[in-house]
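Below is one structure; the comments refer to it alone.
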Amino acid sequence: MTAPANDVKGDATELPTHEVNLSDVAAEKVRSLLDQEGRDDLRLRIAVQPGGCSGLIYQLYFDERMLDGDHVREFDGVEVIVDKMSVPYLNGASIDFEDTISKQGFTIDNPSAGGSCACGDSFH
């Protein structure tokens, strides 16, 4: 189940939104990590960068900046930002968090990815 998303509005203009989804579990984990940081000015940024053996890699990190052209969605108080260059690569992607005996961390299911490498860290 995915947390409801709301458009985020700026001071004078509405910011563009993206089509990345954040699961309830992932949103809760992000909120927990933000609480540990003790800051209320951070947002989760997801970006696509050149790299890896398949050509592109994901980057997830906390960011206090809002850059020109950023697309934003809010999931139960968690803002997720995607830069304008990464939006087409992440259209319809879902971010989840796994915490099992064999794996712990954020996962990205991206229907826009044509394929990935054997290690699963990069895609094309």
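Throughout, read-outs are computed from the coordinates displayed, never taken from laboratory work. Note that the structure is a prediction, hence the values are computed from the model and not measured. With ideal geometry, Cβ positions are generated from the backbone for all residues, glycine too; neighbour counts draw on all protein chains shown.
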Hz values of 3J(HN,Hα) by residue in the stretch 21-30 - Karplus curve (6.51, -1.76, 1.60), Gly and Pro given as x: 10, 10, 5, 4, 5, 5, 4, 5, 5, 4
Most to least packed among 65-73, 22-30 [average Cβ atoms within 10 Å]: 22-30, 65-73
5 angstrom amide H check on ILE81, placed H, neighbours 5+ away: LEU44, ARG45, ILE46
Under-5 Å amide H pairs with GLY51, H placed in peptide plane, nonlocal only: LEU56, ILE57
Sequence-distant residues sharing a close amide H with LEU22 (under 5 Å, placed H): ALA3, ILE95
